[in-house]
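*Asks:* Let me begin by handing over the structure; questions about it come next.
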Amino acid sequence: MSTSPEVIIVGAGLAGACAALELSRTREVLVIDAVGAAAGASGAAAGLVNPFMGRKARPVWQLEDALTAVRATIARAEADDLFDGRGVLRPVVEDGQAKVFRERAAEFSDHLTFLSAEAVAAQYPAVAAPAGALWVRTGGAVMVPSFVQRVLDAAARRGATVISGQHVSAWRSTETHATVTLDHGEELRAGHVVLAMGYGGIGHPALDALELRGVKGQTLRVRLPAPHTTDQLPPVAGSGYAVPVPTDAAHRTLILGSSYEHHFTTLDPTGAATQQILHKTQRLVPALAEATIRGAVTGVRVYAGQRNLPVLAPLSDAPRVWAFTGLGSKGLLMAPLFARKLRDHLHDPSGVPAALRLKEPS
Ligand SMILES: Cc1cc2nc3c(=O)[nH]c(=O)nc-3n(C[C@H](O)[C@H](O)[C@H](O)COP(=O)(O)OP(=O)(O)OC[C@H]3O[C@@H](n4cnc5c(N)ncnc54)[C@H](O)[C@@H]3O)c2cc1C
């Protein structure tokens, strides 16, 4: 273990891995995770890269830059085999949505096409879209846990060190350096510390100002029986979503999601969430009624207050310690983009867009 890196990153999920990749271009980086790569929400994500999310398919913040950043990260991590670039198909699932989708497609014609019911039936016969669908051509899906590992591997090739099984219990900042304290008492020192701890940051009194909250989610891994395959089935997102696994040579495995649980007493998968996910996804892809469940995983998405954007900011009482969290349900479109901003502004936080900074204490 390097004892004097320039940057210590706490957390090896999407945020920490992308930060490590960007920062290790020019700095000595140490990543510390309490468990290991993608142990948190990143291990449960379905992997949709959907730049037009929500019922109204609104564009993600800094749309073009976010897509550029995620594609560049996939390329740098040599993870093209983990990426399904067929776009994301969004069947109309509620009244009035066809009109909204058509308008969106006209406004963002570089990204979107509205497909009639007949066009969907011809191109994607496995998908039920009786009122048509929005085809998000610039979207896709990435297998997140493997992707996080590849990003960390790429950072390691640039000299970053990654250690697992070490829980960080505290941090502090002086004028010249920052330190983290491990559970067994050891203190590690660096120029800066980046806290990318996801759910691990919730309940930490030193992070109260971030107003972090968690929403538990569950995904299922399922397998279609022969003769069904995912060859003509792109990533599909309606009220639930079905994402083919690109690395499955038989083209029969999918990740289905997801539940949104604002109040939860267990982090374990539940039967109720499984039933809810199956119900939602079978409406989009009827053949899923025949699929067998191979596993269920959960994670907790983290949001910072009521905002829709992540937090990327130094802590007001510890200026060399940055928070990089609150990626919500858009980890893939946010983590690479914000990691670039972190790289560019680590030494001059005033350059971080105001929307991402913390409110000044009143
Ligand atoms: C069910 C579900 C489905 C999702 N689907 C999608 C999707 O399709 N597309 C998409 O873009 N996003 C999706 N998301 C959101 C995405 O998963 C998250 O936004 C993203 O993974 C968050 O990454 P993170 O690095 O901030 O946190 P995490 O992935 O939670 O990583 C935090 C890491 O920090 C470590 N850690 C915590 N505390 C400490 C500590 N004190 N010391 C050391 N290490 C610590 C943990 O072990 C963990 O590895 C989904 C999320 C869920 C839950």
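The values are calculated or read from the model by the stated rules, or taken from the named source; none is laboratory data. All of these numbers come straight from a predicted model, not from anything done at the bench. Cβ coordinates were reconstructed from backbone atoms using ideal geometry, including for glycine residues, and neighbour counts include every protein chain displayed.
*Asks:* Is it the case that THR229 is free of Cβ contacts under 8 Å to residues at least 24 places away in the same chain, outside any helix (DSSP H, G or I), surrounded by 15 or more Cβ atoms within 10 Å (Cβ to Cβ) and over 21 Å from the mean Cα position of the chain (by Cα)?
*Replies:* yes
*Asks:* In the range 212-234, what count of residues is obtained for those that are of a type outside the set (A, V, I, L, M, F, W, C) and out of contact with any Phe, Trp or Tyr (no Cβ under 7 Å at 6 or more places or on another chain)? Walk me through it before giving the result.
*Replies:* Residues of the range 212-234 that are of a type outside the set (A, V, I, L, M, F, W, C), as a first pass: 213-214, 216-219, 221, 223, 225, 227-232, 234.
Restricting the remaining residues to those that are out of contact with any Phe, Trp or Tyr (no Cβ under 7 Å at 6 or more places or on another chain) gives 218-219, 221, 223, 225, 227-231.
The total comes to 10.
*Asks:* Assess whether THR325 counts as being within 16 Å of the ligand (Cβ to nearest atom) and over 28 Å from ALA57 (Cβ atoms). Write out each step before concluding.
*Replies:* Working: within 16 Å of the ligand (Cβ to nearest atom): yes; over 28 Å from ALA57 (Cβ atoms): no.
Judged against the criteria, THR325 is not a match.
One line per residue, one yes/no per condition, for (1) farther than 23 Å from LEU254 by Cα; (2) surrounded by fewer than 18 Cβ atoms within 10 Å (Cβ to Cβ):
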site	(1), (2)
ARG25	yes, yes
ASP33	yes, no
ALA37	no, no
ALA44	no, no
PRO51	no, no
ASP65	yes, yes
ALA72	yes, yes
ARG90	no, no
ALA106	yes, yes
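*Asks:* How many of the residues making up the range 280-294 are surrounded by fewer than 13 Cβ atoms within 10 Å (Cβ to Cβ) and more than 24 Å from the chain's Cα centre (by Cα)?
*Replies:* First, the residues of the range 280-294 that are surrounded by fewer than 13 Cβ atoms within 10 Å (Cβ to Cβ): 286, 289-290, 292, 294.
Imposing the further condition that a residue be more than 24 Å from the chain's Cα centre (by Cα) reduces the set to 286, 289-290, 292.
Final tally of qualifying residues: 4.
*Asks:* To continue, here is another question. Just to be sure, is ILE9 farther than 20 Å from PRO336 by Cβ and either near the ligand (Cβ under 10 Å from one of its atoms) or in a helix (DSSP H, G or I) (or both)?
*Replies:* Considered against the rule, which asks whether it is farther than 20 Å from PRO336 by Cβ and either near the ligand (Cβ under 10 Å from one of its atoms) or in a helix (DSSP H, G or I) (or both), ILE9 comes out as no.
*Asks:* Then there is this: Only helices (runs of 4 or more DSSP H) wholly contained in the range 85-188 count here; list those with 2 or more residues that are closer than 30 Å to ALA318 by Cβ. Spell out how you get there, then give the answer.
*Replies:* Values: elements: 97-107, 117-123, 144-157.
Ranges flagged: 144-157.
*Asks:* Considering only the range 127-142, state which residues are surrounded by fewer than 23 Cβ atoms within 10 Å (Cβ to Cβ) and within 16 Å of the ligand (Cβ to nearest atom).
*Replies:* THR138, the sole residue that qualifies.
*Asks:* If you don't mind, there's one more thing I want to ask. With respect to GLY331, is the statement that it is under 15 Å from ALA44 (Cβ atoms), small (Gly, Ala, Ser) and surrounded by fewer than 20 Cβ atoms within 10 Å (Cβ to Cβ) true?
*Replies:* The answer is no for GLY331.
*Asks:* Since GLU78 meets every condition but one in (1) part of a loop (DSSP other than H, G, I, E, B); (2) surrounded by 19 or more Cβ atoms within 10 Å (Cβ to Cβ), which condition does it not meet?
*Replies:* Failing condition for GLU78: (2).
*Asks:* Just one of (1) away from the ligand (no atom under 15 Å from the Cβ); (2) under 23 Å from GLU6 (Cα atoms); (3) outside any loop (DSSP other than H, G, I, E, B) trips up ALA355, so point out which.
*Replies:* Answer for ALA355: the failing condition is (2).
*Asks:* Here are LEU63, LEU48: which of them is farther than 28 Å from LEU188 by Cα and within 13 Å of the ligand (Cβ to nearest atom)?
*Replies:* LEU48
*Asks:* Filter the range 232-279 down to residues that are more than 12 Å from the ligand (Cβ to nearest atom) and among the small types (Gly, Ala, Ser) and give me whichever is surrounded by the fewest Cβ atoms within 10 Å (Cβ to Cβ).
*Replies:* Per the stated criteria, the residue is ALA249.
*Asks:* Can you run down the residue pairs with Cβ atoms below 9 Å, 6 or more apart or on separate chains, where the first is in the range 267-286 and assigned to a helix (DSSP H, G or I) and the partner is of a type in the set (Phe, Trp, Tyr)?
*Replies:* Close Cβ pairs satisfying both conditions: LYS280/TYR241; THR281/TYR241; LEU284/TYR241.
*Asks:* Check off (1) in contact with a Gly (Cβ under 8 Å, 6 or more places away or on another chain); (2) of a type in the set (A, V, I, L, M); (3) more than 9 Å from the ligand (Cβ to nearest atom) for LEU30 and give me the number that stays unchecked.
*Replies:* Failed condition: (1).
*Asks:* Moving on. Please go through the range 179-211 and give me each residue that is at pLDDT 95 or above and either touching a Phe, Trp or Tyr at 6+ places or on another chain (Cβ under 8 Å) or of a type in the set (Phe, Trp, Tyr) (or both), ordered by number.
*Replies:* Matches in the range 179-211: THR179, VAL180, THR181, HIS192, VAL193, VAL194, LEU195, ALA196, TYR199.
*Asks:* Condition first: surrounded by 15 or more Cβ atoms within 10 Å (Cβ to Cβ) and either of a type in the set (Asp, Glu) or touching a helix residue (DSSP H, G or I) at 6+ places or on another chain (Cβ under 7 Å) (or both). Now tell me which residues in the range 92-104 satisfy that.
*Replies:* Correct list: VAL92 only.
*Asks:* Hey, another quick one. Residues ALA190, ALA196, ALA178, ALA209: which one is within 12 Å of the ligand (Cβ to nearest atom) and in contact with a strand residue (DSSP E or B) (Cβ under 8 Å, 6 or more places away or on another chain)?
*Replies:* None of the others qualify; the one that does is ALA196.
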